[in-house]
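Engineer: Got a structure here, written out as structure tokens. Questions coming.
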Amino acid sequence: MMKADVLLGLQWGDEGKGKIVDVLTPNYDIIARFQGGPNAGHTLEFNDIKHVLHTVPSGIFRSDTINVVGNGVVIDPVIMQAELEALTKLGVDVKKKLLLSKKAHLILPTHRILDAASEESKGKEKIGSTLKGIGPAYMDKTGRNGLRIGDMDEDDFKEKYNVLVEKHRHILSRFGKQDISLDELENKWFTAIDTLKELQHIDSEHYLNGKLKQGKSILAEGAQGALLDIDFGSYPFVTSSNTICAAACTGLGIPPTSIGEVYGITKAYCTRVGSGPFPTELLDETGELIRKSGNEFGATTGRPRRCGWLDLPALKYTIMLNGVTQLIITKADVLSDFDTIKVCTHYDCKGELIDYFPFDIAPEYVKPVYKTLKGWTQDLTGLQSIEDIPVELNDYINYLEDELEVPVSIVSVGPDRTQTLIREKTTVPS
Ligand code: GDP
Ligand code: IMO
Ligand code: MG
């Protein structure tokens, strides 16, 4: 029986998952998204094309690979329709290469309206949601009200839709939002449903387990990051799904014993979009410089990302939660502007030095304690081989390996597919 490898983010999202999945795809028969929805924005760059995917897995551009949207994902038909049209224009045969789990849940127009109403009601405490209806859609899933891809093919689909929308109207009226006009949104939504009906709908748990039995290789693609996990992230400033490795099992229906390598991705520094605590955040010109050099603006919402130094207590935590077997470091090129760089090694937790991630990481509980390292003031973006990296970057990687006790297998030095350096330790063929 083959194992399924998992690739996921170890921070607050946007670590470069899309780019790395695209790089690794030639080693796999199937790429399968296991959670989240179009709150994700996964950016791929190759042959002068820059493409952002929201729901479709990042293996879609490679010729022979099948891409599966698993049961753990929530799908907005309208956003997916736009994705399909863009991919078709680029020559991708989505009807052949993309399979949807019948058990994946649908995001309704009213989920988005509920998301906005919920955020508005929170005032200063708002989560900073992408407002894609993710929270309300997962609430309906766990509340056992949701509509699924498989329901689209049933005769009573419209009836089920109306029942759910009626429930939503009820809740919206309690937010003070009566008489919402849905006609235009519903027209678009049902048109998009017709488009999704043309795709292949499958029992993805049977499909994927069957493929593993046949010896086919699978890479499970995560969205968001472990620090946004609903259970273990910086709650309540998190997303509404489990984003950690265990969610690859529940979001695809594959057993824990089938998990092989776990690739954990981290930037060489740290970013966050939306509200919530961020111990190593740089609110000064250093943070501004990282944002500018790293082009740190959200792929889904365009919001400026908050930037800061790498946080080792947080990384140790997410490596532990995910059982990471290989580390991937992205955006090493972005730190080329600095003579020295800092890494948070511990938190000062009310006078006590700790190196674990505590219950609350709000500024009143934790203050970052830094170690300063030498930077590499050299442009990395044209490097072809890991042998050519500056000694200071090599020292940085070795330091991280020692601290985190996981080998670094890939170092990314630019957004393009080709700007990827493979290290010797890796099991990934270069
Ligand atoms: P994802 O959500 O984890 O897939 O990441 P995003 O696509 O939201 O954000 C990562 C951003 O960094 C995108 O604009 C990528 O094109 C870009 N990127 C990925 N790897 C690198 C890298 O090594 N260097 C630079 N400069 N940009 C990168
Ligand atoms: P990818 O897959 C970065 C953040 C939002 C907000 C919180 C809740 O591209 O890494 P939600 O829309 O889920 O209700 O928002 O989570 N967030 C992300 N931040 N990258 C993402 O996805 C994110 N998806 C959600 O900014 O703080
Ligand atoms: Mg992203």
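Every read-out reported here was derived from the displayed coordinates using simple, explicitly stated rules and does not represent laboratory data. Just so we're clear, the structure is a prediction, and the values are computed from it rather than from any experiment. Don't worry about glycine lacking a Cβ; one is built from the backbone with ideal geometry, like all the others, and counts go over all protein chains shown.
Engineer: Straight-line reach only, C-alpha to C-alpha below 17 angstrom: list the lysines that LYS95 could link to, leaving out same-chain residues fewer than 8 apart.
Structural biologist: Qualifying lysines at Cα under 17 Å: LYS197.
Engineer: Then there is this: Where the centre of each part is set by its Cα atoms, how far does region 53-69 sit from region 350-398, in angstrom?
Structural biologist: So the two Cα centres are separated by 32 Å.
Engineer: Taking the 0 to 90 degree range and rounding to the nearest ten, how far is the long axis of helix 204-213 tilted relative to the main principal axis of the chain, both from C-alpha atoms?
Structural biologist: So the helix axis and the longest Cα principal axis differ by about 50 degrees.
Engineer: Can you say what percent of the DSSP beta bridges in region 287-419, counting only those with both residues inside, are antiparallel? Round to 5.
Structural biologist: Of all bridge pairs located within region 287-419, approximately 70 percent are antiparallel.
Engineer: For the chain, set up a GNM with springs between Cα atoms under 10 Å and report which of LEU199, LEU252, LEU228 has the largest fluctuation.
Structural biologist: In this elastic network of the chain, the residue with the biggest mean-square fluctuation among LEU199, LEU252, LEU228 is LEU199.
Engineer: If you don't mind, there's one more thing I want to ask. Along each principal axis of its Cα atoms, how long is the chain end to end? Whole angstroms, biggest number first, please.
Structural biologist: Extents along the principal axes, in whole Å: 64, 50, 40.
Engineer: Counting each DSSP H run of 4 or more residues in the chain as -39500 (n - 2.57), what helix-only mean residue ellipticity at 222 nm follows after dividing by all residues, to the nearest 500 deg cm²/dmol?
Structural biologist: For the chain, the value works out to -9500 deg cm²/dmol.
Engineer: So which GluC sites (Glu not before Pro) in region 276-378 end up in coil per DSSP with only 13 or fewer other C-beta atoms within 10 Å?
Structural biologist: GLU364
Engineer: Per-residue HN-Hα couplings for region 340-357, Karplus 6.51 cos²θ - 1.76 cosθ + 1.60 at θ = phi - 60°, whole Hz, x for Gly and Pro?
Structural biologist: Couplings: 10, 10, 10, 9, 7, 9, 9, 10, 8, 9, 6, x, 9, 8, 10, 10, 10, 8 Hz.
Engineer: List residues of region 88-128, by number, whose backbone nitrogen lies under 20 Å from a label position 7 Å along Cα→C-beta of PHE190.
Structural biologist: 106-113
Engineer: Just flag the chymotrypsin sites (Phe, Trp or Tyr not before Pro) in region 331-430 sitting in loop per DSSP whose Cβ has no more than 14 other Cβ atoms within 10 Å.
Structural biologist: Sparse-neighbourhood loop chymotrypsin sites (Phe, Trp or Tyr not before Pro): TYR356, PHE359.
Engineer: Looking only at the chain, where both bridge partners belong to it, what percent of the DSSP beta bridges are antiparallel (to the nearest 5)?
Structural biologist: Roughly 40 percent of the DSSP beta bridges within the chain come out antiparallel.
Engineer: For the Cα atoms of the chain, what angle does the longest principal axis make with the long axis of helix 391-404, in degrees from 0 to 90, nearest 10?
Structural biologist: 60
Engineer: If you don't mind, there's one more thing I want to ask. Region 325-340 to region 26-43: how many Å between their Cα centroids?
Structural biologist: 23
Engineer: Then there is this: So, in Å, what gap is there between the alpha-carbon centers of region 258-313 and region 80-152?
Structural biologist: 24
Engineer: Once you compute Rg and the Kirkwood Rh from C-alpha atoms, what is the Rg to Rh ratio for region 125-256?
Structural biologist: 1.01
Engineer: Then there's this: How far, in nm, would the chain grow between GLN378 and TYR399 when pulled straight, counting 0.36 nm per residue and subtracting the alpha carbon separation?
Structural biologist: Here the answer is 5.6 nm.
Engineer: Also, I was wondering about something else. When the chain is fully extended, how far beyond the present Cα-Cα distance does ASP179 get from ASP348, taking 0.36 nm per residue of separation?
Structural biologist: 55.7 nm
Engineer: With the cut-off at 31 Å, tell me which of the pairs LYS132/LYS160; LYS316/LYS374; LYS158/LYS213; LYS89/LYS316; LYS96/LYS267 have Cα atoms farther apart than that.
Structural biologist: Listed pairs above 31 Å: LYS158/LYS213; LYS89/LYS316; LYS96/LYS267.
Engineer: Using a 10 angstrom cutoff on alpha carbons, build the Gaussian network for the chain and name the most mobile of THR381, THR340, THR300.
Structural biologist: Most flexible of the set in this elastic network: THR340.
Engineer: Among 120-132, 310-322, how do they line up by average Cβ neighbours within 10 Å per residue, starting with the highest?
Structural biologist: 310-322, 120-132
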